[in-house]
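J.: Let me give you the structure first, and then I'll get to my questions.
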Amino acid sequence: ETLQLTKLTAVTSLLWRLAGRGGAGGDGAASTSVLPSYSADSAATERPDPKQEDPTTILQRMLDRYFLDPLQGGSDEWTSPFGRRARPPTIRGDVHEFVTRNVGRKLGKAKVSLNARAVARILHGIPSPAFRWEEWKGDYSWGKGKGVDFDELRIMADEVLETARRKDKSAQLEDERRARHSKKAKVGS
């Protein structure tokens, strides 16, 4: 998104500069298509002096090069200009520990059950009406994942919560099966 925004900003500023110079048509409206048929031979051989060239032609060539040349425009090998911080190796364990410690309890002021967003907020140290700072500041997990991307934490918490719920449901079904089996054994004797 940042790269696309940067590209759009660059194209917009170029268009404004061309419009300021008077452009071809005066009103800023281009009379030709933005992406006409592209001929690599004509673009490579015809290179008039940019000072004498019409600004519309300069813009057209730049847009053609940007959108049609695979080496110039959007490449599949794009890397983010912003480096990602390495995730702490213990963060999944921290999420798992917090969830297993609190999954069955009704937490917070509103006595709500945990969801992935609430776990991510607590691990990021972000208070909410249900999970107030005053109540949670002393918890071991409060703010433990501040250096981790919030969405990554939320996804991780969702996975751990789903696993915990499945284990809980499986244990509950096993207990019910044992209870039925012991009841049948008592009735049969």
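Quick note: the coordinates plus some simple rules give every number you see, no bench work behind them. Model, not experiment: these values are computed from the prediction. Note that we place each Cβ from the backbone using ideal geometry, even for glycine, and neighbour counts take in every protein chain shown.
J.: Sort 122, 91, 58 so the one with the fewest other Cβ atoms within 10 Å of its own Cβ comes first. Write down the numbers at each step before the final one.
T.: Values: 122 26, 91 17, 58 14.
Taking fewest neighbouring Cβ atoms as first place, the list is 58, 91, 122.
J.: Taking 2.2 N^0.38 Å as the expected size of a compact globular protein, what ratio does the Cα radius of gyration of the stretch 91-188 give against it, to two decimals?
T.: Compactness ratio reported: 1.36.
J.: Compute the signed sum of charges (Lys and Arg +1, Asp and Glu -1) over the other residues within less than 12 Å, Cβ to Cβ, of residue 142.
T.: On the way: positive: 121, 132, 137, 144, 146; negative: 94, 134, 135, 139.
With Lys, Arg at +1 and Asp, Glu at -1, the neighbours total +1.
J.: Please order 94, 54, 139 by the number of other Cβ within 10 Å, starting at the fewest.
T.: The fewest-first ordering by Cβ neighbours comes to 54, 139, 94.
J.: List 177, 121 from most exposed to least, where exposure is judged by having the fewest other Cβ atoms within 10 Å.
T.: On the way: 177 10, 121 21.
So the residues, fewest neighbours to most, are 177, 121.
J.: Determine the dipole magnitude for the stretch 91-188: charges of +1 sit on the beta-carbon of Lys and Arg, -1 on that of Asp and Glu, nothing else is charged, the reference point is the Cα centre, and the result goes in debye to the nearest 20. The partial results should precede the final answer.
T.: Numbers: 23 positive and 15 negative charges, 149 e Å.
Computed about the Cα centre, the dipole is about 720 debye.
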